[in-house]
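Notes follow once the structure below has been shown.
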Amino acid sequence: MAEIATLARPYANAAFDLARSSGRLTQWSPMLALLARAVETDQVKQLVAAPSLAPAVKAHQLIDIVREDIDDRCRRFVNVLADNHRLELLPEIATQFEALKAEAEKTIDVEITAAVELTDQQVDSYTEALRQRFDQDVNVSVGIDPALVGGAVIRAGDTVIDGSVRGRLTRLVESLQRN
């Protein structure tokens, strides 16, 4: 998996630099996300994997699928990827692009999964605490998982904060088993 990330990194950086220099970071996010979803479909996977098709043909066919939703610079980017046999990297490129964008905008996406529905005041409280902890603006999405019993699990990038009752009980059992 690291190899895919390594191969995708220069293309993600190039897309990010291109989008930032043209002041179109916000527009590039949905374009790359759409291309990533397209490449994950069976039809496009077969197209990309077809050894008999020239890179330009693959790029042209992919662009035709999403033509109305991408601009000329993004079309040229797809052509470069095709020329370098890297169309299959689009999902990872889109992921890395979003990480670069979030870093540049000093934002972080946070997922809060709670045992019960949170009130607006609780979400605001979590948001403010996370903003202070990460020193970034926070985009919060909230989900519900009754299996947590109580409390919440917070995921922010690589950081996981498990404040659920289930997590506490699991840690207690592990501690007792060690002693």
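The values are calculated or read from the model by the stated rules, or taken from the named source; none is laboratory data. Note that the structure is predicted; figures quoted are calculated from it, not measured. Neighbour counts are summed over all protein chains in view; Cβ atoms, including those assigned to glycine, are modelled from backbone coordinates with ideal geometry. Ligands, DNA and RNA are stripped out before the accessible areas are found, and what is left, the full protein with its side chains, is counted by its heavy atoms. Shrake-Rupley method; radii C 1.70, N 1.55, O 1.52, S 1.80 Å.
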What does the charge add up to near Gly150, with Lys and Arg as +1, Asp and Glu as -1, over the other residues with Cβ less than 10 Å from its Cβ?
-> +2
Just Phe134, Phe97, Phe16 to compare: in a GNM of the chain, with alpha carbon springs under 10 Å, which one fluctuates most?
-> Phe134
What is the dipole size for the chain, taken about its Cα centre, with +1 at each Lys and Arg Cβ and -1 at each Asp and Glu Cβ, in debye to the nearest 20?
-> 380
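In whole percent, what relative contact order does the chain give with Cα contacts below 8 Å and a gap of six or more residues?
On the way: 189 pairs, mean separation 36.6, N = 179.
Once normalised by length, the contact order is 20 percent.
Let me check something: with ligands and nucleic acids excluded, how do Lys106, Lys58 order by accessible area (1.4 Å probe), largest to smallest?
Details: Lys106 105, Lys58 25 Å².
Result, largest first: Lys106, Lys58.
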Relative contact order in percent for region 88-179 (Cα pairs under 8 Å, 6+ apart) equals 30
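All other residues with a Cβ under 12 Å from the Cβ of Ser141 taken together, and with Lys, Arg as +1 and Asp, Glu as -1, what is their net charge? Let's see the in-between values first.
Details: positive: Arg155; negative: Asp109, Glu111.
The answer is -1.
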Share of accessible surface on carbon and sulfur in the chain, whole %, 1.4 Å probe and ligands ignored, is 51
Could you work out the local net charge near Glu88, counting Lys and Arg as +1, Asp and Glu as -1, over the other residues with Cβ closer than 11 Å to its Cβ?
-> +1
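Looking at region 40-172, I'd like the Rg to Rh ratio, where Rg is from alpha-carbon atoms and Rh is Kirkwood's inverse mean 1/r.
Numbers: Rg = 20.9 Å, Rh = 18.0 Å.
Taking Rg over the Kirkwood Rh, I get 1.16.
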